[in-house]
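The values are calculated or read from the model by the stated rules, or taken from the named source; none is laboratory data. Here the structure is a predicted model, which means the values were calculated and not measured. Ideal geometry is used to build each Cβ from the backbone, glycine not excepted, and the neighbour counts take in all protein chains shown.
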Amino acid sequence: MLDTGRYAITTPEYGSKIEEITEALEDGHEYYPDYWELFSIAVTGDGCCGGSYNFHANTYFNKNTTALFGWGMTHIEATIPINSVIFLTGQVEADTSGFDHFGFGFKVGW
């Protein structure tokens, strides 16, 4: 994303996608104003006991650094099935100042 005055990367809640800032504001999407690039890995597969597992990791690069690829933040989410209706979930987020968010829980569906 070379035109950071026109485009931004939305937060994970809004899909971590590149969109025009005016469009993000019109749609009420939150975005990261300080990041210019995103490297993302997503993996989904069938769980051993029913259900499916998900793993998603985003690494954002800061536009306010002098390094070529200045790391800014990493956001990781995972969902692991215990059986077909119970899932363990976890999230972790770290930036240049340290761990910003750490969470875990479970989801139940029927």
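Take the residues in segment 1-31 that are charged (D, E, K, R) and part of a strand (DSSP E or B); name whichever of them is nearest to residue 61 (Cα to Cα). Per the criteria, the residue is 19.
Taking segment 80-96 as the range and being under 18 Å from the mean Cα position of the chain (by Cα) and either in contact (Cβ under 8 Å) with a residue 60 or more places away in the chain or assigned to a loop (DSSP other than H, G, I, E, B) (or both) as the test, only 96 passes. Name the residues in segment 91-110 that are closer than 26 Å to residue 37 by Cβ and either surrounded by fewer than 15 Cβ atoms within 10 Å (Cβ to Cβ) or not assigned by TED's automatic domain parsing to the domain that holds residue 50 (or both), would you? Result: 96, 97, 98, 99, 100, 101, 102, 103. Among the residues of segment 22-42, those that are surrounded by fewer than 17 Cβ atoms within 10 Å (Cβ to Cβ) and under 13 Å from the mean Cα position of the chain (by Cα) comprise 30, 39, 40, 41, 42.
Taking the residues in segment 66-79 that are of a type outside the set (A, V, I, L, M, F, W, C) and over 19 Å from residue 102 (Cα atoms) as candidates, determine which candidate is nearest to the chain's Cα centre (by Cα).
Checked segment 66-79; the qualifying residue nearest to the chain's Cα centre (by Cα) is 70.
Going residue by residue through segment 51-65, is there one that turns out to be more than 23 Å from residue 98 (Cβ to Cβ), at pLDDT 90 or above and not assigned by TED's automatic domain parsing to the domain that holds residue 94? No, segment 51-65 contains no residue that is more than 23 Å from residue 98 (Cβ to Cβ), at pLDDT 90 or above and not assigned by TED's automatic domain parsing to the domain that holds residue 94.
Within segment 48-75, being surrounded by fewer than 16 Cβ atoms within 10 Å (Cβ to Cβ) and either among the aliphatic types (A, V, I, L, M) or in contact (Cβ under 8 Å) with a residue 60 or more places away in the chain (or both) holds for 57, 67, 68.
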